[in-house]
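What follows is one structure encoded as structure tokens, with my remarks underneath.
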Amino acid sequence: MEPIFIIGTERSGTNLLRLILNSHPNISIPHPPHIMKNFFKLEPLYADLSQDTHFKKLIRDVVKMVELHPYPWEIKIDRDGVFRQARERNLICIFFAIYDQYLEGAHKKRWGCKSTFMLYHVALIRRYYPCAKFIYMVRDGRDVAVSAKETIFNRYNVYYTARLWKKEQQIGIYWLSKLSKEEMILIKYEDLLSNTEEVIRSLCLFLNEPYQESVLGFFNTAEAKKSGSLSTAWRNTSGPILKDNFGKFRTELKTREIDLFEAIAAQELDHFSYKLTKPFYLLEGVRARGVKFKVGYLIEEVFLMFKVQLRHLFTDKNNFLRFKKFWFLKLLRISRALL
């Protein structure tokens with residue numbers, strides 16, 4: 001069956017949706033090691049992949065990164081199997097073969113991927129899976145900025161978060177305009193929280209899967225318990241849905257931070273019907289002049305990074321694997337660039 005891709009921006013509730021869909025008896029969606037994100041720019045450095053040695057080296061390094069994923073998979077990936085199963089000699093076919101192996105180990109009918117960064121590879125995915133299903137998930141960017149300040153998987157300062165959110169919504173809006181309703185569906189995080197059953201029913205219809213009421217109890221599954229135990233960033237996924245977990249930016253962000261976000265991404269907020277705190281025309285002057293970079297943004301970014309990284313160091317499990325993965329990729333980039 002056609003694979004499922006949950007795409008969008010980090011901290012938009014995509015892991016929550018992953019766990020809900022993963023609890024469906026037909027669907028398996030592992031926590032993503034972000035294969036394409038981490039290796040897309042590295043792929044050309046492996047030279048001619050038509051040569052077995054080069055292609056096997058790329059497979060070896062990709063699989064090694066998956067094995068270092070701080071959210072461990074339950075299966076052991078067969079490198080030789082990936083070599084045999086890859087439809088073509090390229091990175092995305094390695095990605096597909098690895099997910100095919102995960103599906104086989106999960107004993108389900110269909111795999112999905114929750115790497116939000118696959119947003120950048122929609123056209124490439126459709127080359128191999130023209131009937132792939134894309135779930136585009138969006139959350140009020142100002143709430144994304146609140147969440148981003150507290151987790152290790154993103155930018156921290158509102159300036160950087162707003163610019164990234166704006167860019168990724170523009171890509172999402174483009175694909176929503178290009179793909180049919182049978183190919184891509186828009187899910188708003190706020191709707192998923194407040195009208196969970198209705199949203200999941202419509203999503204199952206889109207995926208051509210029977211609705212299973214049991215998915216509403218996703219938080220009782222072993223996967224959800226595992227998610228909540230590994231990182232404070234995912235702790236909410238191991239309990240019932242927090243139906244009022246939105247609009248937090250009104251109390252968690254400073255007025256100047258809200259103004260900054262809206263000045264950068266007013267059009268995208270408006271496109272998804274997220275009401276601005278100030279009339280649109282008041283922001284147009286700022287937008288016309290452009291929101292200029294300030295050194296203070298970088299200073300706060302670095303400060304928050306150290307603060308959050310330090311806290312997660314003492315609260316999260318598997319930090320050893322996270323750091324091993326980080327340095328593995330860092331050294332790999334250096335070594336491949338020098339070859």
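Bear in mind that the values in this text are calculations on the coordinates, not laboratory data. From a predicted model like this one, the values you see are computed outputs, not experimental measurements. Counting neighbours? That spans all protein chains shown, and the Cβs are built from the backbone with ideal geometry, glycine included.
Measure nothing fancy, just the Cα-based angle from helix 255-271's long axis to the longest principal axis of the chain, in degrees from 0 to 90, nearest 10. Roughly 60 degrees, rounded to the nearest 10.
For the chain, the Cβ-based charge dipole about the Cα centre amounts to some 1020 debye (Lys, Arg positive; Asp, Glu negative; other atoms uncharged).
The mean sequence distance of close C-alpha pairs (under 8 Å, at least 6 residues apart), as a share of the length of the chain, puts its relative contact order at 24 percent. Once you sort the root eigenvalues of the Cα gyration tensor of region 1-64 as a ≥ b ≥ c, which label holds: rounded (a/c under 1.5), prolate (a/b larger than b/c) or oblate (the other case)? In terms of gyration-tensor shape, prolate.
Past 29 Å, Cα to Cα: identify those pairs from 167/248; 57/225; 166/307; 108/133, in the order given.
57/225
Between the Cα long axis of helix 91-106 and the first principal axis of the chain there is an angle of about 80°, rounded to the nearest 10. So what's the gap between the Cα centers of region 69-132 and region 303-339, to the nearest angstrom? Here the answer is 24 Å between Cα centres.
Cross-link partners of residue 56 among lysines, defined as those whose alpha carbon lies under 26 angstrom from its own and excluding same-chain residues fewer than eight positions apart: 37, 41, 64, 76, 114, 324, 325, 330. With a simple spin-label model that places each label point 7 Å from the Cα along the Cα-to-Cβ direction, the separation between residue 252 and residue 2 comes to 3.5 nm. Cross-link partners for residue 188 among the aspartates and glutamates, with Cα-Cα distance under 13 Å and sequence neighbours closer than 8 places in the same chain left out: 140, 143, 198.
When the trypsin sites (Lys or Arg not before Pro) in region 91-193 are filtered for DSSP coil states and for at most 10 other beta-carbon atoms within 10 Å of their beta-carbon, the remaining sites are 181. Comparing 261, 314, 246 in a Gaussian network model of the chain (Cα springs below 10 Å), the most mobile by mean-square fluctuation is 314. Here the relative contact order of region 113-219, from alpha carbon pairs under 8 Å that lie six or more residues apart, stands at 28 percent. Taken along the Cα-to-beta-carbon direction at a fixed 7 Å, the label points for residue 216 and residue 191 span 1.8 nm. Site-free segments of the chain were taken between GluC sites (Glu not before Pro) in DSSP loops having at most 16 other Cβ atoms within 10 Å, sites themselves excluded; the longest one is 183-339. Put +1 on the Cβ of each Lys and Arg and -1 on the Cβ of each Asp and Glu in the chain; which of 310, 215, 176 then has its Cα farthest toward the positive end of the dipole? It is 310. Distances between placed amide hydrogens fall under 5 Å for residue 187 paired with 136, 137, 138, all partners being 5 or more residues away or on another chain.
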